[in-house]
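Encoded as structure tokens, the structure appears first; notes follow it.
Rule-based calculations on the coordinates, nothing more; no lab input. These numbers were taken from a predicted model, which means no experiment stands behind them. Note that each Cβ is placed from the backbone with ideal geometry, even for glycine, and that neighbours are counted across all protein chains shown.
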Amino acid sequence: MNLWDWRFALQILPDILRAAIITLEATVIGFVVAAVFGLFLAILRRSHNPVLSLLATGFIELVRSTPLLVQIYFLYFVLPEYGITIPALAAGILGLGIHYSTYCSEVYRSGLDTIPRGQWEAALAINLSLFRTYSDIIVPQAIPPIVPALGNYLISMFKETPILSAIAVIEMMQRAKIIGSETFRYNEAISLVGIIFLIFSLVSTAGIRGIEAWFKKRL
């Protein structure tokens, strides 16, 4: 039996690449959600208001302590019982974003903790608002050192996207499984998916290093 059929591999490649677009979409949008919401959670956790800090901490620990699959199921299957219906892809993206936002928040918190106290005191002395303090002084200094850690979560999120098939999102891995079940040839389909995952991870790693180098030149 021929273990690898190049003609078959080239035949199914367009289908897998179309599914790869969905995988990339889920990853990129999900990471944007994670990065923005993660920063929001990190700032709330550092709040001097004990209620806000406690709520942020509780939310972070709750999400980090439960499986991503359970959270995606909750968004897609449970919320409709309360009148909130979210399309499968949107639920998957939201689930990925919220889940990884809690990890990003810890990365942000480590970056914010490295800012010297004098920076905060200087902002207070010139009567800057909390928003201006964070946006103009603190965050621009905190981000560069944590770029590699955030980049690692981007790559991890990309590799987690096959879990979206649990709610019928036809991403890259699910498409490969469908092709395999229809043709009884899994080798080519699964191998192509693995190669695409590898390429994306390598490109992402190079991009992260480029961003890190760019920040170092600016400092």
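Need at least 1 residues that are hydrophobic (A, V, I, L, M, F, W, C) and either in contact (Cβ under 8 Å) with a residue 40 or more places away in the chain or buried (at least 19 other Cβ atoms within 10 Å of the Cβ) (or both) per element, so show me which helices (runs of 4 or more DSSP H) inside the stretch 32-126 make the cut, counting only ones lying wholly within it. Spell out how you get there, then give the answer.
Details: elements: 50-64, 68-73, 88-113, 117-125.
Fully inside the stretch 32-126 and qualifying: 50-64, 68-73, 88-113.
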Among the residues of the stretch 1-31, count how many are assigned to a helix (DSSP H, G or I) and farther than 17 Å from Ile163 by Cα.
12
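Residue by residue, here is whether (1) touching a residue at least 60 places away in the same chain (Cβ under 8 Å); (2) out of contact with any helix residue (DSSP H, G or I) (no Cβ under 6 Å at 6 or more places or on another chain); (3) within 30 Å of Pro80 (Cα to Cα) holds:
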residue	(1), (2), (3)
Ser165	no, no, yes
Glu171	yes, no, yes
Lys177	no, yes, yes
Glu182	no, yes, no
Glu188	yes, no, no
Leu192	yes, no, no
Ile199	no, yes, no
Lys216	yes, yes, no
